[in-house]
Amino acid sequence: MTHNDEYKHDLLALENLFKRYYKPLRAYAFRFVKHKSVAEDIVQDIFFELWTRRESIRFDEADSVKSYLFKSVYNSSINILHSGSMKELSSLDGIDESYAIENCLFANTTSQEQSLLLKELETEIASFVETLPTQCKKIFILSRVHELKNREIAEQLEISVKAVEKQISKALKELKKHLIKKELLFIMYLLQSIIK
């Protein structure tokens, strides 16, 4: 098996683990931290840690991986509670998948593995953008590709800032659904952890 084959095998194995355990682990973390976005962050960080340690962990040993995941989530949750950082994290209430997608779009990475993941994600995002209604597509590209502020977009298109915000929000929500459908939301989460 070549290095590239091993990489693809590991990525598929981890993606399957993510699909199987993400929701139960998030619910488990939530039992301790009582905060949805913090629980999500904990689980995403644990999966990223699992990915970075993939050479020393056998993904095909289901019981040991499951035990590792739940123990890691427990330890991370307890550490966060003991650190007293939950008060600081209360400002994260509004953070959701759309925020994660925003931070991931068109990000620059350098390593070969990150580039492979990013290329697949960017190709799917570009394909999705082409399906957006004309005005929504134009606003999304001006915002995410040309990095114009909402006010600048509103002035350029002679519409209200609220209309711009609404279209961007709509595009991001639809993009999330699209990535879930294509089973690429896991890659987006993984990249988000990599480029933090």
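The values are calculated or read from the model by the stated rules, or taken from the named source; none is laboratory data. Just so you know, these numbers come straight off a predicted model, no measurement behind them. A quick note on method: Cβ atoms are made from the backbone with ideal geometry, for glycine too, and the neighbour counts reach across all protein chains shown.
Which of the residues that make up segment 26-53 are more than 15 Å from Phe70 (Cβ to Cβ) and basic (Lys, Arg)?
Lys34, Lys36, Arg53
Give, as residue ranges, the helices (runs of 4 or more DSSP H) completely inside segment 111-196 that count at least 2 residues that are over 28 Å from Asp41 (Cβ atoms) and modelled with pLDDT of 90 or more.
So the answer is 134-144, 150-157, 161-181.
Would you check which residues across segment 167-181 are surrounded by 15 or more Cβ atoms within 10 Å (Cβ to Cβ) and β-branched (Val, Ile, Thr) and list them?
Matches in segment 167-181: Ile168 only.
The rows are residues; the columns are (1) surrounded by 13 or more Cβ atoms within 10 Å (Cβ to Cβ); (2) polar (S, T, N, Q); (3) closer than 20 Å to Asn75 by Cβ; (4) in contact with a Pro (Cβ under 9 Å, 6 or more places away or on another chain).
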residue: Ala13; (1), (2), (3), (4): yes, no, no, no
residue: Lys19; (1), (2), (3), (4): no, no, no, no
residue: Ala27; (1), (2), (3), (4): no, no, yes, no
residue: His35; (1), (2), (3), (4): yes, no, yes, no
residue: Leu50; (1), (2), (3), (4): yes, no, yes, no
residue: Arg53; (1), (2), (3), (4): no, no, yes, no
